[in-house]
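Okay, so here's the structure we're looking at.
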Amino acid sequence: LAATFSPMVTIPPELRSAVVKITVNSTPCSVTCGLGLKVEELCEITPAGERRNCSLQRSLCLTTWICGLQHVSVPAGRPLHLSCFVENNLDFGNQTYGYTWRWAPGLITTNDLLFEPLQNPLPALSLAPATEANAGTYRCDVQVRETFRLIKRIYFGLKVIPGNLVDLNFKKSLSWKQKLFGNLVVWSARNGSQEGKEHFWENEGSLKALLGMGSGLLGGVVVSLVLCC
C-alpha cells in the first residue's frame, strides 16, 4: 500500500499572535422547550491560552421545539383559555411569530395525522363557554415568519366534564350519619365549651338526626313490649 502524506500547513506569523473571542461559559436555557434566553460569557483567548476582556451577553436558545401534551379538564359551561404565546424580544431583531392551531375532535392524541385545521391565527384560543363538543386535543405551532422555522409545538388534551355527571358539593354528598359524626367531632374539639354546645344544638341537621335516632329507638322499645305482652 502506498502511503500518502498531507503537506505541512504553514501558519502565517500574523495568525500566530491572533486573539479569538469564544464562549467559555453559559447558563441553561430559560425554558425547557420553545424559544428561550441564556446568558453567555465570552472571553478573548490569547495564543498562550489566557482569558482576557471577558463579557456577558444574552442570546436566544432552543433546547427542543416539542413541548409535549398538557392535560386540561373543565366543567361544561365554563370559559376556557389556551395559550402558546411566545414573547417578542426586540434585542434580537425584528422577527415575528406566526401561530397555527389544529385539533383532533374527541381524542386525546399526539398523532399529527388525526388533526384538522382551525381558523385561528392568534396565540390564544378561547372557548366561551366550553361544551362537550369541544373535547379533544388542540395543537399549537409557532413559527418564525421570516424564516418559517418551527420553534414551538404544544398539545392540549381537553376533557369537558358534563355538569350533571358529578356533584362537587361535599356537604350534599354526606349521609346524615356522616354529618352527625362531623358535628360531634367539631363539638368535641371545642372541649365541651358552652359555645360549642350551643353551636351543636343550633345546627338543624344535628337536631334532626338526633330526633330521628331517638324516635327510632323509642319505637323499637314499644314494639318489643307489645310482642312480649
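Points to keep in mind about this one:
- Of all positions in segment 105-117, none carries a residue that is modelled with pLDDT under 95, surrounded by 16 or more Cβ atoms within 10 Å (Cβ to Cβ) and either outside the structural domain of Ile154 (by TED's automatic domain parsing) or not in a strand (DSSP E or B) (or both).
- Close contacts from segment 145-164, counting a first residue that is at pLDDT 90 or above and a second that is in a strand (DSSP E or B) and basic (Lys, Arg), with Cβ to Cβ under 8 Å and a gap of 6+ residues or different chains, come to Arg153/Arg139; Ile154/Arg139; Tyr155/Arg139; Phe156/Arg139.
- Per-region count, segment 121-154, residues within 23 Å of Leu60 (Cα to Cα) and among the aromatic types (Phe, Trp, Tyr): 1
- Scanning segment 116-124 for any residue that is acidic (Asp, Glu), touching a strand residue (DSSP E or B) at 6+ places or on another chain (Cβ under 8 Å) and touching a residue at least 24 places away in the same chain (Cβ under 8 Å) turns up nothing.
The values are calculated or read from the model by the stated rules, or taken from the named source; none is laboratory data. It should be emphasised that the depicted structure is a prediction, and the values quoted were computed from it without experimental measurement. Heads up, the Cβs are rebuilt from the backbone with ideal geometry, glycines too, and the neighbour counts pull from every protein chain shown.
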